[in-house]
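See below for the structure under consideration.
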Amino acid sequence: MPRKNAKKILVILSEYGYWGEELVGPLHHFDQRGYEVEFATPTGQRAHALPPSMDPGYVDPPLGRSVTSEEVAKLTREIDGSTRLDDPIDISRWIPERPYTADDDYLRKLEAYHRAVDVVAQELEEYDALLLVGGSGPVVDLANNERVHQIILAFLRADKPIAAECYGVAPLAFARDWEDRESIIRGKHVTGHCKEYDYKDGTGFLGTDFVIGPPPYPLEYILRDATGPEGRYIGNFGKETSVIVDYPFITGRSTPDSYLTGEKVVEVLEDGLRRFGW
């Protein structure tokens, strides 16, 4: 149960599959602290864990070994089979859609859109931090989701922590103010799924038979370009963990970094941590 006056975290999950540990890791720390956690998905559909993330026998091709312990697999199956993720916030109903320039009465619709976005920003003030959970699913419905971008921008403008893991970091690269269209992580230090961890075949998603070879984009390259010459992508390949804090961003590279990501979110909220890992 959340404690009185507890911090409140908004967690965004893909409807095409999240990686189990990348949810249960941060939740472990949030629950320990008694934080209130609310979940949201792009269209209000219940999120589910990717099957390999519930299978300790699944061998990750790039690493040649299992990346899921028996304990984490059990925790993932428990939350996936519980009611905790039921009835998430429907982002498509919450956040307005920006009109096309070809729409009739475009100017009036654009003004109405900005008014509605301002209302949502006020509603988001009740949350203390944002977390975007990784896995292959975010490639499909989070990375280039303008509604998700608006949520991220609202947290940024409110100077509140924004955490993201693995492919959940992609929306940070694409979230941009409409005027300058510069990535919000330009000049920042971040980590994320590195090129060495990309599959060469078999990238799959829930709710579809769309199974492809490698991911449709190498996240590392996108993050290197988005951070620009003043910032830096830090992959830490060859090191067991990679979590970078460059406030307000807390980014985790991949599955093994999930618990540490949650730990750093708590330290940012409770201890004022502003820099870690670089």
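Somewhere in the range 180-191, is a residue touching a residue at least 12 places away in the same chain (Cβ under 8 Å), open to solvent by 40 Å² or more (accessible area, probe 1.4 Å) and in contact with a Gly (Cβ under 8 Å, 6 or more places away or on another chain)?
Step one: filter the range 180-191 for residues touching a residue at least 12 places away in the same chain (Cβ under 8 Å), giving 183-191.
Those left that are additionally open to solvent by 40 Å² or more (accessible area, probe 1.4 Å): 186, 188.
Adding the requirement that they be in contact with a Gly (Cβ under 8 Å, 6 or more places away or on another chain) leaves 186, 188.
Yes, the conditions are met somewhere in the range 180-191.
Restricting the range 1-30 to residues that are of a type in the set (D, E, K, R) and under 30 Å from residue 210 (Cβ atoms), which is most open to solvent (accessible area, probe 1.4 Å)?
Going residue by residue through the range 1-30, those that are of a type in the set (D, E, K, R) are 3-4, 7-8, 15, 21-22.
Filter once more, keeping what is under 30 Å from residue 210 (Cβ atoms): 15, 21-22.
Numbers: 15: 38, 21: 22, 22: 2 Å².
It comes out as 15.
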Please find, within the range 73-91, the residue that is most open to solvent (accessible area, probe 1.4 Å) out of those that are closer than 21 Å to residue 12 by Cβ and among the aliphatic types (A, V, I, L, M).
75
Within the range 117-156, of all residues that are among the polar types (S, T, N, Q) and farther than 20 Å from residue 214 by Cα, the one farthest from the chain's Cα centre (by Cα) is 122
Filter pass, residue 163 being over 27 Å from residue 80 (Cα atoms), touching a Ser or Thr at 6+ places or on another chain (Cβ under 9 Å) and touching a residue at least 24 places away in the same chain (Cβ under 8 Å):
no
Taking the criterion of being buried (at least 19 other Cβ atoms within 10 Å of the Cβ) and aliphatic (A, V, I, L, M), would at least one residue in the range 196-209 satisfy it?
no
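Could you run through the range 1-37 and say how many residues are part of a loop (DSSP other than H, G, I, E, B) and under 24 Å from residue 204 (Cβ atoms)?
The first filter runs over the range 1-37 and keeps only residues part of a loop (DSSP other than H, G, I, E, B), leaving 1-7, 13-17, 19, 33-35.
From the residues that got through so far, the ones that are under 24 Å from residue 204 (Cβ atoms) too are 13-17, 19.
Selection size over the range 1-37: 6.
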When the range 218-233 is examined, which residues are found to be touching a helix residue (DSSP H, G or I) at 6+ places or on another chain (Cβ under 9 Å), surrounded by 14 or more Cβ atoms within 10 Å (Cβ to Cβ) and of a type outside the set (Gly, Ala, Ser)?
218, 219, 220, 222, 223, 227, 232, 233
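Taking the conditions exactly as written (open to solvent by less than 30 Å² (accessible area, probe 1.4 Å), within 23 Å of residue 252 (Cα to Cα) and in a helix (DSSP H, G or I)), does residue 40 satisfy them or not?
Working: open to solvent by less than 30 Å² (accessible area, probe 1.4 Å): yes; within 23 Å of residue 252 (Cα to Cα): yes; in a helix (DSSP H, G or I): no.
Against the criterion (open to solvent by less than 30 Å² (accessible area, probe 1.4 Å), within 23 Å of residue 252 (Cα to Cα) and in a helix (DSSP H, G or I)), residue 40 does not qualify.
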When the range 121-160 is examined, which residues are found to be touching a residue at least 60 places away in the same chain (Cβ under 8 Å), under 23 Å from residue 254 (Cβ atoms), open to solvent by 10 Å² or more (accessible area, probe 1.4 Å) and not small (Gly, Ala, Ser)?
139, 140, 141, 145
What's the total number of residues in the range 9-41 that are within 20 Å of residue 141 (Cβ to Cβ) and either of a type in the set (Lys, Arg) or touching a Cys at 6+ places or on another chain (Cβ under 8 Å) (or both)?
2
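Out of 148, 140, I need the residue that is in a helix (DSSP H, G or I) and in contact with a Ser or Thr (Cβ under 9 Å, 6 or more places away or on another chain). Which one?
Details: 148 fails: in contact with a Ser or Thr (Cβ under 9 Å, 6 or more places away or on another chain).
After ruling out the rest, the residue left standing is 140.
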Output the residue which, of all residues in the range 96-105 that are surrounded by 13 or more Cβ atoms within 10 Å (Cβ to Cβ) and of a type outside the set (D, E, K, R), is farthest from residue 153 (Cα to Cα).
99
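The values are calculated or read from the model by the stated rules, or taken from the named source; none is laboratory data. Quick caveat: nothing in here was measured; it's all calculated off a predicted structure. So basically every Cβ, Gly included, is an ideal-geometry build from the backbone, and we count neighbours across all protein chains shown. In case anyone asks, the SASA skips ligands and DNA or RNA and just uses the protein heavy atoms, side chains included. Shrake-Rupley method; radii C 1.70, N 1.55, O 1.52, S 1.80 Å.
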